[in-house]
Amino acid sequence: MQYHQTIGEYKLLKKIGKGSFGQVYEARDKLGRKIACKVMLRDQKPESVKREIQVQGRIKHPHIVELLNTIETDEATYLFMELCDLDLKTYIECYGVKGKRLNEQEASRVIRHVLNGLRHLQDKCKVMHRDIKLENILVNFKPGGEVEFKIADLGQAKVNISRNLLKHTICGTPLYMAPEVYF
């Protein structure tokens, strides 16, 4: 189903995803480029929205989804981001080697890209993601057959991380949480 709404210089085209804090649409900017737009209603976790804008808006890295612009209205906050082709869960399920598990080379590329992004977040930006899961790692198919992986969704991120953070904070997706968070 097509969805045509104009927000500033952007046109929302179709819904491509849904998360716990908002919906994601494919959009076009004024130059006609395809981008993603995450729409978060005002009554849904305003601190998470502010954190995501604060953190993602200052980070530029090839393995982290880039936030391009934000627009706030009375009803919602719109985050305009780099558009990726799909998430890692879908990639593994549908685009692995002919429906089989990822081979060692593909798995190594995923791990390398994600760790590169996490290292940048933690070492350079002093940010802990806190919700790494298959759905928050996005996939881009590049010309020539290359595949790149990017970290997305910094709504649970913690700025100015410390070693004692896990002792005082429980957050993230329960099925993906490290055991030490519970104990």
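Read the figures in this text as sums done on the coordinates, not as results from a lab. Here the structure is a predicted model, which is why all the values come from computation and not from measurement. Cβ sites come from the backbone with ideal geometry, for glycine too, and all protein chains shown count toward neighbours.
Under the Kirkwood approximation applied to all pairs of distinct alpha-carbon atoms, what is the hydrodynamic radius of region 2-81 in Å?
Kirkwood radius, region 2-81: 12.9 Å.
Quick one, what does Rg over Rh come out to for region 28-149 if you take C-alpha atoms and the Kirkwood Rh?
Ratio of gyration radius to Kirkwood radius for region 28-149: 0.99.
What is region 29-109's relative contact order, in percent, from Cα pairs under 8 angstrom and six or more apart in sequence?
Computed value for region 29-109: 30 percent relative contact order.
Check cross-link reach from residue 15 to the aspartates and glutamates: straight Cα distance under 14 Å, and skip same-chain residues fewer than eight apart.
26, 85
Using per-residue counts of other Cβ atoms within 10 Å, averaged over each peptide, order 52-62, 104-114, 148-158 from highest down.
Put in order of decreasing packing, that is 148-158, 52-62, 104-114.
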